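The values are calculated or read from the model by the stated rules, or taken from the named source; none is laboratory data. Quick caveat, the model's predicted, so the values are computed rather than measured. Positions of Cβ are backbone-derived with ideal geometry, glycine not excepted, and every protein chain shown enters the neighbour counts.
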Amino acid sequence: MNLTHRETEALDALCDTFVPSLAFEKDEDPALFSMSAADLGVSGRVMQALDMIEAAKRDSFRFFLRLLGNPLFMASVSRSASRFSQLSQAQRERVLQRLARSAVPQLRTAYQGARSLAMLHTYAANGTPESDALLSAIGYEPELNPKSTAPHIPISKIGDESKIECEVCVVGSGAAGSVVAAELAASGHDVVVVEAGGIWSASEFDQHELTGMHQLFREGGLAGTRDLSMSLLAGASIGGGTTVNWQSCFRTPDDVREEWADLSGCSFFTADSFSECLDAVWRRIGASTDESEINENNDAICRGAQSLGYRWSVISRNSLGCNTAQCGNCMFGCRIGGKQSAATTYLLDAIRSGARVVAPFMVTKLVESKGKVTGVEGNYADPQGERRPVRIVAPRVVLAAGGLETPAILFRSGLKSLHLGQHLFVHPTVALMGFYQTPIESWKGPPQTAVCDEFSNISEGYGYRIEAAPAHPGLLSVGIPWANARDHRREMQRIKSVAPSIVLTRDSNPGRVRFDKSGQPYFEYRLGSEEKKLIKHGMATVARIHHAAGADRIITLHTTRLVWERESGVPIEKFCREIASAPTSPNRLPLFSAHQLGTCRMGSDRASAVCDEHGAVFGLSGAYVADASLFPASSGVNPMITIMALALKVAKGMRH
């Protein structure tokens with residue numbers, strides 16, 4: 001991204017305000033506090049990252065940079081009409097503090113965007129003497145990429161062809177697409193799978209945080225709502241989310257299956273046939289607790305829940321032959337092959353049965369004639385990165401591109417439905433951090449192995465679950481509130497001993513996917529009153545768990561964070577009451593989502609849904625949806641198993 005001189009000047013000043021060189025005090029690490037964003041080359045990395053994010057957000061950020069050079073704007077947020085870059089460090093910090101607390105939502109959005117970009121590209125990078133010294137100072141040593149023993153996923157290259165023919169084109173290679181491809185290829189169908197994301201597998205995985213985020217996640221790990229009030233962690237690679245997720249395996253809860261059957265009119269949700277699909281998926285990806293080793297990060301939940309008498313259990317994981325010493329890096333791709341992702345199980349099954357995988361291939365739209373699908377149009381990138389249009393001719397197309405992209409493809413294809421892009425459920429997630437006297441190293445060991453589900457059914461099947469977050473320094477630095485540069489640096493100095501815990505909420509108030517003029521998707525989401533209650537209840541529960549587990553200090557991630565310290569003598573219940581009264585409005589409390597569900601929901605008729613009970617798209621013969629877009633409502637649990645079972649059900653119906 002080429003910025004103007006003034007934009008570059010403002011960006012440099014922003015990064016150096018968030019991460020300046022500071023005179024260190026006796027309890028502060030010299031290497032950590034003396035390092036600045038300029039020393040680390042942060043603004044250069046941010047400029048490169050701007051090419052990865054949604055165009056509208058990129059344009060908004062550049063507009064904000066220009067505002068920082070505008071005398072009238074600066075006079076409104078400071079006592080000076082000087083450009084932001086001309087202010088002192090103390091003056092610049094006061095400007096950022098005002099923006100963070102502004103009553104104007106757009107200014108809070110601008111602040112959060114700038115903060116996230118600066119922090120991620122400060123603490124997630126490694127490989128230079130300066131960045132390695134910074135990480136070493138906070139007790140983080142990036143793992144050397146171990147020798148790869150994982151299977152490589154063969155990718156079919158397209159020569160000069162402008163057209164490929166097959167019986168079934170599957171769009172997406174993740175949890176849904178891989179299952180569909182395997183099932184149909186095994187039954188003799190000629191299947192082509194197209195994947196828009198990167199093509200890394202096995203030895204190509206670089207398990208360093210910033211590289212992994214940029215290569216394997218949507219928008220380089222910087223995706224989110226337009227107003228940046230919710231961050232989005234979504235896989236964009238071969239294997240989709242299953243390549244980067246934390247391996248938590250949950251069957252669809254029985255009460256959710258019953259609710260979905262009633263809501264959608266699709267009775268199969270409660271039938272034995274769907275149970276058989278769940279069981280088949282469970283077996284194929286090796287889900288079990290055999291390798292669910294409880295590390296220090298997860299043990300904080302176990303100890304606290306046990307002490308309080310809360311129900312908790314060990315999480316089953318799709319792990320078979322993992323090396324637990326490197327499991328903390330599996331969200332950047334598993335080089336060992338122990339992670340039984342969709343790519344290393346079902347997708348390889350499909351390839352062995354004759355399926356072809358073409359990537360990177362971005363589908364523009366479905367092609368149809370007289371109400372029947374005849375294939376897809378898209379852009380293929382050759383090994384040199386040159387993009388060219390290619391058509392895949394197929395009488396049946398299965399969309400498995402995820403809850404954001406699948407509705408966008410149907411929208412660009414001209415599908416008319418009141419429900420297209422609606423009913424977006426995201427499992428809104430918040431985090432708290434407990435600080436302990438002993439090292440936690442949240443980035444080491446199996447990611448999620450314990451869950452507290454004591455409050456999963458507070459009200460008619462709705463509630464929340466508490467899980468551990470296996471966070472590396474970049475993600476931690478984005479989560480930790482920034483009050484000023486020294487305060488944030490002191491927090492980062494302690495992260496080796498922090499246990500981040502998340503509240504994963506089952507939401508009933510949906511958002512929606514919208515589409516810009518070119519048909520590209522973006523999403524909007526606001527917490528409903530019930531979600532706000534659940535999130536506050538969950539945050540208080542996490543605080544109690546950390547308190548019972550022996551944490552010395554607990555912080556929330558509000559912009560103006562709440563802090564409890566054991567030595568203060570303040571009762572933990574007083575802290576919980578403070579949580580209950582703290583704001584949850586956009587960009588005052590960071591929200592996260594790793595699950596996007598329901599945007600092409602299935603149902604009994606076109607008036608209530610986009611797809612029928614077989615996944616077939618109403619009004620477009622030969623088009624199917626097989627991913628989380630089909631969910632009638634939120635699942636309340638990590639959805640990988642449900643997605644794969646639903647995809648298997650759709651594929652079984654298509655075999656004939």
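Annotation note: Cβ proximity below 6 Å between a residue of the range 189-203 that is within 17 Å of residue 392 (Cβ to Cβ) and a residue that is aromatic (Phe, Trp, Tyr) (sequence gap 6+ or interchain) occurs for 194/361. Assigned by TED's automatic domain parsing to the domain that holds residue 82, under 22 Å from residue 140 (Cβ atoms), part of a loop (DSSP other than H, G, I, E, B) and of a type in the set (Phe, Trp, Tyr), is that true of residue 24? Considered against the rule, which asks whether it is assigned by TED's automatic domain parsing to the domain that holds residue 82, under 22 Å from residue 140 (Cβ atoms), part of a loop (DSSP other than H, G, I, E, B) and of a type in the set (Phe, Trp, Tyr), residue 24 comes out as yes. Residues that are under 20 Å from residue 374 (Cβ atoms), touching a residue at least 12 places away in the same chain (Cβ under 8 Å) and in contact with a Leu (Cβ under 9 Å, 6 or more places away or on another chain) occur at least once in the range 153-168.
Listed conditions (1) more than 27 Å from residue 377 (Cβ to Cβ); (2) in contact with a helix residue (DSSP H, G or I) (Cβ under 7 Å, 6 or more places away or on another chain); (3) not aliphatic (A, V, I, L, M) are all met by residue 217, apart from (1). The criterion of at least 3 residues that are at negative phi and under 19 Å from the mean Cα position of the chain (by Cα) is met by the following strands (runs of 3 or more DSSP E) wholly inside the range 425-539: 429-435, 464-468, 498-505, 512-515, 521-524. The single condition among (1) more than 21 Å from residue 225 (Cα to Cα); (2) crowded, with 19+ Cβ neighbours inside 10 Å; (3) not polar (S, T, N, Q) that residue 595 does not meet is (1).
For residue 251, the test of being among the basic types (Lys, Arg), in a loop (DSSP other than H, G, I, E, B), surrounded by fewer than 24 Cβ atoms within 10 Å (Cβ to Cβ) and in contact with a Leu (Cβ under 9 Å, 6 or more places away or on another chain) is passed.
Here residue 516 meets each of (1) closer than 30 Å to residue 413 by Cα; (2) surrounded by 15 or more Cβ atoms within 10 Å (Cβ to Cβ) with one exception, condition (2). Of the helices (runs of 4 or more DSSP H) lying entirely inside the range 64-179, those containing at least 1 residues that are hydroxyl-bearing (Ser, Thr, Tyr) and either closer than 30 Å to residue 200 by Cβ or not assigned by TED's automatic domain parsing to the domain that holds residue 35 (or both) are 105-123, 129-137.
Checking the structure you have, find out if any residue of the range 373-386 is assigned by TED's automatic domain parsing to the domain that holds residue 187, farther than 26 Å from residue 449 by Cα, at pLDDT 95 or above and among the small types (Gly, Ala, Ser). Yes, the conditions are met somewhere in the range 373-386. Only one of the listed residues (181, 176, 125) is of a type outside the set (Ser, Thr, Tyr), touching a Ser or Thr at 6+ places or on another chain (Cβ under 8 Å) and either more than 30 Å from residue 39 (Cβ to Cβ) or free of Cβ contacts under 8 Å to residues at least 24 places away in the same chain (or both). That residue is 181. Within the range 276-299, the set of residues being more than 30 Å from residue 437 (Cα to Cα), hydrophobic (A, V, I, L, M, F, W, C) and in a loop (DSSP other than H, G, I, E, B) comprises 285 only.
Restricting attention to the range 278-297, the residues that are buried (at least 21 other Cβ atoms within 10 Å of the Cβ) and more than 26 Å from the chain's Cα centre (by Cα) add up to 0. Of the residues making up the range 391-420, those that are outside any loop (DSSP other than H, G, I, E, B) and surrounded by fewer than 20 Cβ atoms within 10 Å (Cβ to Cβ) are 391, 393, 412.
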